[in-house]
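Everything below concerns the one structure shown next.
The values are calculated or read from the model by the stated rules, or taken from the named source; none is laboratory data. Bear in mind the structure is a predicted one, so any value in this text is a computation, not a measurement. Glycine also receives a Cβ, built like all others from the backbone with ideal geometry; neighbour counts cover every protein chain displayed.
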Amino acid sequence: MLDSWGGATDWNLIRQASGQASGAEHDVAWRKLVKRYDVPVRRTLRRLLRGDPSADEATDEFFSYLFRERILPKADPEQGRLRCFMQGVVRRYVQWWRRASSMPRGLADIDEVDVGSDGDGEAGESEREEEMLWAEAVLGHALERVESASRRDAELLVRFYGLGGQPAASGQQLAEALGLSTNAVHVALNRARERLEAALLAELREMVFAADQMEDEHRFLISRLLAAHPGLLDA
């Protein structure tokens with residue numbers, strides 16, 4: 001089961017990284033998990049701790065905290081999406097870090113932290129930004145799937161919609177660059193969008209534990225991606 005907020009991490013990997021595996025398998029699983037979650041975790045922590053001079057130290061320490069406090073074994077696939085679980089862990093960690101940094105390290109108890117103690121406006125804004133990070137991560141992994149099947153389709157999507165921070169190119173510009181007619185470019189884009197939609201669904205099927213969550217999670221993902229990239233997908 002995959003959670004693309006932080007990368008392609010299935011529940012079997014979570015269990016292995018939690019210690020339910022032999023030493024060698026555990027080490028491999030832990031390295032894979034850190035690699036997949038590192039970017040979104042760092043972005044979220046640096047955003048939440050903006051202005052805090054210890055922000056970089058906090059991001060470097062997060063995965064040690066995750067391991068030391070045995071957080072992963074608490075993740076239960078039957079209790080909700082791993083995306084939500086990890087976002088809650090990050091917010092709780094930020095609260096703990098702020099408290100711990102104001103007293104001798106080790107005296108702040110993570111279990112005493114109230115993740116809802118921030119103002120509603122700040123918490124709501126943080127959650128929305130975390131949701132967009134998750135949606136962009138899902139999109140990134142789906143694009144990797146598209147590229148493995150057709151590098152050209154992935155290139156068309158990236159260039160036409162300006163994904164990954166690139167400037168968007170018009171159909172005419174792509175036609176000139178690729179030596180195609182404008183109509184051929186748009187036909188190719190339609191095919192690429194269909195391939196992308198299939199890749200997104202494949203990501204979600206691995207991520208969602210319960211079948212009845214699939215439709216809601218798909219609708220949620222599409223709404224976030226369309227807000228950032230109009231026209232990329234069918235509403």
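Filtering region 154-181 to residues that are exposed (fewer than 14 other Cβ atoms within 10 Å of the Cβ), in contact with a helix residue (DSSP H, G or I) (Cβ under 9 Å, 6 or more places away or on another chain) and either within 20 Å of A135 (Cβ to Cβ) or hydroxyl-bearing (S, T, Y) (or both) leaves G164, Q166, A168, S170, S181.
Of the helices (runs of 4 or more DSSP H) lying entirely inside region 1-116, the ones with 3 or more residues being basic (K, R), at pLDDT 65 or above and at negative phi are found at 23-48, 82-100. Give me the pairs, please: first residue somewhere in region 210-233 and under 18 Å from F160 (Cβ atoms) and surrounded by 16 or more Cβ atoms within 10 Å (Cβ to Cβ), second residue anywhere and hydroxyl-bearing (S, T, Y) and at pLDDT 85 or above, beta-carbon distance under 7 Å, and either six or more positions apart or on two chains. Between residues of region 210-233 that are under 18 Å from F160 (Cβ atoms) and surrounded by 16 or more Cβ atoms within 10 Å (Cβ to Cβ) and residues that are hydroxyl-bearing (S, T, Y) and at pLDDT 85 or above, the close pairs are H229/Y161; L232/Y161.
Figure legend. Inter-residue proximity from region 150-178: first residues under 14 Å from A188 (Cα atoms), second residues of a type in the set (D, E), beta-carbon distance below 7 Å, spacing 6+ or different chains. Indicated pairs: A154/E147.
Would you pick out the residues in region 174-214 that are at pLDDT 80 or above and among the charged types (D, E, K, R)? Step through it out loud before you land on a result.
Narrowing region 174-214 to residues at pLDDT 80 or above: 174-203.
Those that are at pLDDT 80 or above and among the charged types (D, E, K, R): E176, R191, R193, E194, R195, E197, E203.
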